[in-house]
1. Mind jotting down a quarter of the surface of the convex hull over the alpha carbons of region 2-173, in square nanometres, one decimal?
2. What is the count of Lys pairs in region 1-83 whose alpha carbons sit under 23 Å apart, if the two are 8 or more places apart or on different chains?
3. When a footprinting reagent is the concern and you count Cβ atoms within 10 Å, what order do Arg255, Arg153, Arg179 take, fewest first?
4. What is the ratio of the Cα radius of gyration of the chain to 2.2 N^0.38 Å, where N is its residue count, to two decimals?
5. Determine the dipole magnitude for the chain: charges of +1 sit on the beta-carbon of Lys and Arg, -1 on that of Asp and Glu, nothing else is charged, the reference point is the Cα centre, and the result goes in debye to the nearest 20.
6. As an exercise, use a Förster radius of 30 Å and the Cβ-Cβ distance of His112 and Thr61 to find the FRET efficiency, rounded to the nearest 0.05.
7. Residue separation times 0.36 nm, minus the C-alpha to C-alpha distance between Ser228 and Thr184: what's the value?
8. Along the charge dipole of region 51-178, Cβ charges K/R +1 and D/E -1, which of Trp168, Phe126, Cys52 sits furthest on the positive end?
Amino acid sequence: MKTYKYRLGKQSNTIRIGNLLDDMWQVHVYFHKWQRQRYKDGLPYVNFEGMCDHVKLMKDTTHPHWKALPSQAIQQELKRIHLAYDRFFKKLGGRPKIKKRHKFKSITFPGHAGWFLKNNRITLTFRKWNNGKWRFDKVPYTFHKHRQWHGNRISRITIKRDTCGVYWLCITTTYTDFRPLPTTGQSVGADFGMKDAYLTLSTGEKKQHPQPLKHSLNKLRSLNKALSRKQKGSNGWWRCVRHLARLYRKISNQRKDFHWQLASELCKKFDTIAIETLNLDGMKRLWGRKVSDLAFYQFVEILQYKCRKHKRLLKQVDQWTATTKPCSECGFHNENLTLKDRQWTCPDCGAHHDRDINAAINILWAGIAIT
Ligand SMILES: [Zn+2]
């Protein structure tokens, strides 16, 4: 499955998508509260089919205005709720949360009904009350089709609202992107770092992270100050909020761009890539904001996707494997090594090591050993 994202154009009836999102949020809140109340009353959990039946009943009795919402989208929302509870019952996730209105960002349509695609135009089917009857109301929206999607079947579409107030169309197709690259016969170990470099390769190369958050920190501070001077809810305040949201989006785009480029570079050069499994919570306690800015986990996810696409082998060494202290030449454990030592000489074989490169080489050996 692959998802393509397109930006929806601004037009006068975009507001209807916003209203639709808000209405769907009410469905979301209602059913979460309903399930919680049932639990309090000692009644059993109602699954997806049961909730669908309940919607039908509500449309005829207490909530006739829900007939105006696309029923496919309601069903998808109920499916999401059911999945959240299912995970909760299987102890895979926490208790399902009720989202705040501004956190409810997307609605999904299944791959066959409620919408129609042609060229760079998507037609959504709303319903309206007209002459004593519910009628279909088809509204076309244009989007910026910067690329063609692949795959013979669209499995679902999602409409998203981001914090900047921009709407996006996500088209998920059944296409699997598989374009193997020619083999190079090279393997590499990579060590994530905080101090000297973002990524140290066993070849001795060091990759620096642009750290976009750190770069924009002054701008962020001044914008936040400007925001706090303004009266909450006023026009100027909203303008400032959006300005801030756009800056955050820019930062995250810069970070993502760097990650994709780096992952792509690694996949082009090497057949096998070995990395460490990260202990992110421990790192966050130690380093705070910088960890979020470096976004290791996002990079690992991108790298996993890229490796699948280009038929590369990604090996993850578990976090209990010692990688820093052993000497990569002879295997001597240097127990006296502290965080401050960036360079050290092995007392056993006399090899001179850079701390990170040594770790990267150890990761490579440990990675190759995994079968
Ligand atoms: Zn040694």
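1. Numbers: hull surface 46.6 nm².
Its average projected convex-hull area is 11.7 nm².
2. Pairs that pass both the separation and distance tests number 12.
3. On the way: Arg255 21, Arg153 10, Arg179 7.
With the sparsest Cβ surroundings first, the list reads Arg179, Arg153, Arg255.
4. Working: Rg = 26.0 Å, N = 371, 2.2 N^0.38 = 20.8 Å.
Normalised by 2.2 N^0.38 Å, the Cα Rg of the chain equals 1.25.
5. Working: 71 positive and 28 negative charges, 541 e Å.
Computed about the Cα centre, the dipole is about 2600 debye.
6. On the way: r = 29 Å, r/R0 = 0.96.
Between His112 and Thr61 the formula returns 0.55.
7. Length gained, Ser228 through Thr184: 10.3 nm.
8. Positive-end residue among those listed: Trp168.
Where a number appears in this text, it was derived from the coordinates with a stated rule and is not lab data. Nothing here was measured: the structure is a model prediction, and the numbers come from that model. Backbone-built Cβ (ideal geometry, glycine too); neighbour counts: all protein chains shown.
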